[in-house]
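Have a look at the structure below, then the notes.
The values are calculated or read from the model by the stated rules, or taken from the named source; none is laboratory data. Computed from a predicted structure; not experimentally measured. Quick reminder, even Gly has a Cβ in these numbers, built from the backbone with ideal geometry, and neighbours come from all protein chains shown.
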Amino acid sequence: MRAAVPTPLLRVGLNKVALLRSSRGGAVPDLTEAARTLIEGGCRALMVHQWSDHRHVKPHDVTALAALDAVREGHATLHVGGDLREDLGALLERTPGVGCWVVTPFEAHHLTTQRGWHPGDDQLRLAHWARTLSGRTRLSVFVDPEPEAVDLVARAGVAAVELNCRDYVEGFGTPAQEGALEALVRAADRAREHGLDVNAAHDLDKRHLPPLIRAVRPTLVSVGHAFVAAAVIAGLRAVLPGFLHAASED
């Protein structure tokens, strides 16, 4: 009899909520209100990326999200993604409540992450921050689904890997899907050999999750852009009646 597949934690990214706010300045939509809404709905893991160009999430957002009662009391966990910068490490070091730093290679001219951790990246600095934040903030590293990449970050003493699902997403529904899933499975198996948690991330939406979870058995799956896009469309129907009513009042 086949063992039941463990249900992974669903992590929801809030970058695009912050991007909408930043496009006009001010505080609308309120990032902390969005976080509370998700937590009240049953979400137990939140994600923001704090890039050096502050394109959406600002350092003060990290502080505000970490101070939410549900996060401080352990009902939800906050993950902060970003490249391996000293200023980001220092921010996380002085901000209690951040559960995980998702170390993600980044180049400012890219709209989103393009690659995982490579041998040329700063392995010594990665190990330094894994030691420095040990006992308070776990480190996970975004890696391409290659066993060698998993071996590399495992040597730095991190707690988890974030498997790059780009090839799986791009090949979904085509003959390339099976090979992409097999690559993810091999990388996940290698991570578990090292005692690492396995997270799956990058451009996932609802369609991608069931086959991915059955094959890879991740600890956590991460959604962001597709989730917020779906929320916008669903929200139009919910919000429109109130605005129509307001516009019709004398």
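Per-structure values
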item: Selection count where residues are small (Gly, Ala, Ser) and either part of a strand (DSSP E or B) or touching a strand residue (DSSP E or B) at 6+ places or on another chain (Cβ under 9 Å) (or both), scope segment 217-228; result: 2
item: Every residue from segment 7-34 that is under 27 Å from Arg217 (Cα atoms) and either surrounded by fewer than 16 Cβ atoms within 10 Å (Cβ to Cβ) or among the hydrophobic types (A, V, I, L, M, F, W, C) (or both); result: Thr7, Leu9, Leu10, Val12, Leu14
item: Output for segment 41-99, where each listed residue is over 20 Å from Leu139 (Cα atoms), at pLDDT below 95 and surrounded by fewer than 13 Cβ atoms within 10 Å (Cβ to Cβ); result: Asp53, His54
item: Unmet criterion (only one of (1) free of Cβ contacts under 8 Å to residues at least 60 places away in the same chain; (2) farther than 20 Å from His56 by Cβ; (3) under 16 Å from the mean Cα position of the chain (by Cα)) for Asp205; result: (2)
item: Cβ-Cβ under 7 Å pairs, at least 6 apart or on other chains, segment 221-250 side more than 29 Å from Ala160 (Cα to Cα), far side of a type outside the set (Phe, Trp, Tyr); result: none
item: Residue within segment 172-186 that is without any contact (Cβ under 8 Å) to a residue 40 or more places away in the chain, closer than 16 Å to Pro147 by Cα and charged (D, E, K, R) present; result: yes
item: Tally, over segment 137-175, of residues that are over 19 Å from Ile213 (Cβ atoms) and either modelled with pLDDT under 95 or small (Gly, Ala, Ser) (or both); result: 5
